[in-house]
1. May I ask you to list the residues in the stretch A:38-53 that are among the charged types (D, E, K, R) and either touching a Leu at 6+ places or on another chain (Cβ under 6 Å) or touching a residue at least 40 places away in the same chain (Cβ under 8 Å) (or both)?
2. Do we find that B:Gln126 is at pLDDT 95 or above and among the polar types (S, T, N, Q) in this structure?
3. Just give me the residues in the stretch A:336-351 being in contact (Cβ under 8 Å) with a residue 40 or more places away in the chain and farther than 19 Å from A:Thr60 by Cβ, in sequence order.
4. Among the numbered conditions (1) within 30 Å of B:Arg244 (Cβ to Cβ); (2) open to solvent by 40 Å² or more (accessible area, probe 1.4 Å), tell me where B:Gly333 comes up short.
5. Looking only at the stretch B:53-65, which residues are modelled with pLDDT of 95 or more and open to solvent by 60 Å² or more (accessible area, probe 1.4 Å)?
6. With respect to the numbered conditions (1) within 14 Å of chain A (Cβ to nearest Cβ); (2) in a strand (DSSP E or B); (3) of a type outside the set (Phe, Trp, Tyr); (4) surrounded by fewer than 18 Cβ atoms within 10 Å (Cβ to Cβ), which one is the sole condition not fulfilled by B:Ala320?
7. Taking only the stretch A:19-35 into account, find how many residues are open to solvent by less than 40 Å² (accessible area, probe 1.4 Å) and at negative phi.
8. Restricting the first residue to the stretch A:352-369 and requiring it to be assigned to a helix (DSSP H, G or I), which pairs with a second residue that is surrounded by 15 or more Cβ atoms within 10 Å (Cβ to Cβ) and of a type in the set (Asp, Glu) meet a Cβ separation below 7 Å and a spacing of at least six or different chains?
Number of protein chains: 2
Amino acid sequence: MFRQTSEFHDWFAEQRAAQDHRVTPAPLRGLDGWSFEPGTGDIRHRSGRFFSIEGIAVETDNREVAAWSQPIIVQPESGILGILVKEFAGVPHFLLQVKMEPGNINILQLSPTVQATRSNFTRVHQGNAVPYLEYFLAPRTGRVIFDALQSEQGSWFLGKRNRNMIIEADGDVPVRDGFCWLTLDQIGELLNVENLVNMDTRTVLSGLPDGWAVQGRTTGAEGRALHGKAALLSWFTEAKASHRLDRRRIPLAEVEGWAESDGVVVHGSGRFFEVIGVDVEAQGREVARWAQPMIAPVGRGVIAFLTRRIEGTVHLLVNARTEAGSFDVLEMGPTVQCAPANYEALPAGSRPRFLDEVLSAAPERVLLDVVHSEEGGRFYHAENRYLAVEAPDDFPLEVGPDHIWMTPHQLGEMVRYSHHVNVEARNLLACLRFLR
Amino acid sequence: MFRQTSEFHDWFAEQRAAQDHRVTPAPLRGLDGWSFEPGTGDIRHRSGRFFSIEGIAVETDNREVAAWSQPIIVQPESGILGILVKEFAGVPHFLLQVKMEPGNINILQLSPTVQATRSNFTRVHQGNAVPYLEYFLAPRTGRVIFDALQSEQGSWFLGKRNRNMIIEADGDVPVRDGFCWLTLDQIGELLNVENLVNMDTRTVLSGLPDGWAVQGRTTGAEGRALHGKAALLSWFTEAKASHRLDRRRIPLAEVEGWAESDGVVVHGSGRFFEVIGVDVEAQGREVARWAQPMIAPVGRGVIAFLTRRIEGTVHLLVNARTEAGSFDVLEMGPTVQCAPANYEALPAGSRPRFLDEVLSAAPERVLLDVVHSEEGGRFYHAENRYLAVEAPDDFPLEVGPDHIWMTPHQLGEMVRYSHHVNVEARNLLACLRFLR
């Protein structure tokens, strides 16, 4: 346990010094174990497992453009992202680990107690057993605090989901090398540091029920919210029922506008993202050496909530958001979620709604502004700027059918039910709830 | 408004006398507008709309058999099932209609205010406008009480869902011919009558929040429940994460064990169901004359909850149930859901779990026993016996990972979130909550 976060930083530096990892971009052709499938051009592992990169053709009435096709990661299996919690001297502590992921900026970030794909459990990697996994697999000891199936980045994953769990441990928990107990206050301080608390930790923590949050930081109960639960669920149902998402899986070779060039799959415009290969040499992971394809986004993204006090209670402007890989038409997303670079050449009317309000806000209205990474196991240096920006007092209470104001408490309740809140909104909510 | 339900029955008899409907079974070959598609053998309408009957091959670890294939209804569009509610003299009244459906036993049953497919709205039928639809389409007046996307019979529909809505009307609501206002007490009495309150009415009413239910009949708040919400949601997540449902759409002609014989698609064993054709002549519907295929189940089904008082609070034994057409692996179902005739020839060990407990219960343990029909628009004379049977006092609190005890209140809360509770459990819950 750390009395101050400076002690954590010293420990983290030691962890870093003791490890040696190398991640080297490498051409997709010739990547060890991976190849372009003849005919389709899909990128697959020779075992047929892990994941593949294929194509998808999308038509929807809920995005800036009506139809497009793109490469997408297909990974049908769902893994476990699990955090153990235990009270010491009456204060809940969360067990996190220093984990290497090839796509991470800084390579090492703070990860949940368990972050494992089903291939990890079933030992496709032929690596070491996953520490603490027994706390998360049935039959288990301990008490469930949170357990839901949650979708991940719909722009890059087709219907991918992971099981997000928080388990309160019974009895003594031995602390293994590379793991540490942190309080919510300490995690809240570390959330101020760029690219340290990884995506998986943030999404799991977003599901922590309000009673567990830091005293005095929980916000507005339902009674003081603009809309009741029935109205919020109805808004979500209406959005799902009124929008459409038609998609068709296609061979990667047939994705229009994309092509392989110099061992990388890129869009002709240079926008969106690239599919790259990396060679990895790692210590402290299940396997010491491997290669894999990754998605490398072009430019830093923006994930932002507009906020407003309504009758004294903080509200967030939530968007019903459709993405190529959405599990079911759409989920609740942040007010703005995009990579601004993709829209720079476009006229103002084609830019994502509320992006300009967020980026041009006066400094005193910026409540939260921190850079974090997305999952380093599949995404290479995928950074987002997480923002919360107070809207002007005269900002309308109704801004059309695809946005609604709800309190952080209400959004947190939605997180407890699988597939209601997308990963970007969950991660931003975790920053809002816990960042100090 | 009816002072007594006898007045309702008189009115209903008048409605019946004023209408004239004929439903005649007819061979699938030659059914007006419908044909077997060359090559696949799928049954489709010449317009390409409404629905089709295709094949599906299923593999799962959550049913009595590991793999099978079967015909299934494919109907991607979702409709609206909506009930208007309004207080008269302080008592909520629900607007129901007498509606003809070709598969209904007795032809006429009591239906929601609006029961309309998207084809109805968009006028594919070229029939009359749907009365009261404006109360359910945005932008609308009134107050949302309940609004969720709910799955329908997974044994016969592939991922079919309808929007279930309850809207409290503002201002005067003109009562059209064939419609009537009923209180929950009156609906509760009518639920004792076989095949009168249709499936769509029952599923919509299952979503009525507890505050609206009849005084003194709401059951056990969460505090007195065996498991809290986090534990119930975790059980559901665990079941979804640990079971698999792999399926592949196949041509109807390739469904093993099924074949067309005398204008009907049947299983070689005579079990399960038949796909039949019907010719319909109707008054009071959008179109006066049409033909369509229907699913005609073999034998009456059983839909049952085992119940138990735990520390004085009534609990229901809920099953994590997978079906061929499940939207997402499984949903919360009743303790038992099957057509017993399908299992008669099988050894006791192959019979559905708890079926014998339910069917052999002493009469004083049978809390509810009433026969109702499933949707008469797609299913022909599909009757189920809805049962609630009190389990012996020594019945265990844990009966394995696929069942869990929860209170009616808790199950009702799950209904408010789409795709948590299957249609059979919702309909049985409506009987349990409202039947007098």
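1. We begin by selecting, within the stretch A:38-53, every residue among the charged types (D, E, K, R); these are A:42, A:44, A:46, A:49.
Across the stretch A:38-53, the qualifying residues are A:Asp42, A:Arg49.
2. No: the conditions fail for B:Gln126.
3. Within the stretch A:336-351, A:Pro340, A:Ala341 meet the criteria.
4. So the condition that B:Gly333 fails would be (2).
5. Residues satisfying the conditions are B:Glu59, B:Asp61.
6. Status for B:Ala320: all satisfied but (4).
7. Result for the stretch A:19-35: 6.
8. Cβ pairs passing all conditions: A:Arg365/A:Glu390.
The values are calculated or read from the model by the stated rules, or taken from the named source; none is laboratory data. Everything numeric here is computed off the predicted structure, so don't read it as measured data. Glycine gets a Cβ as well: all are built from the backbone with ideal geometry, and neighbour counts include every protein chain shown. Surface accessibility is based on the protein's heavy atoms, side chains included, excluding ligands, DNA and RNA. Shrake-Rupley method; radii C 1.70, N 1.55, O 1.52, S 1.80 Å.
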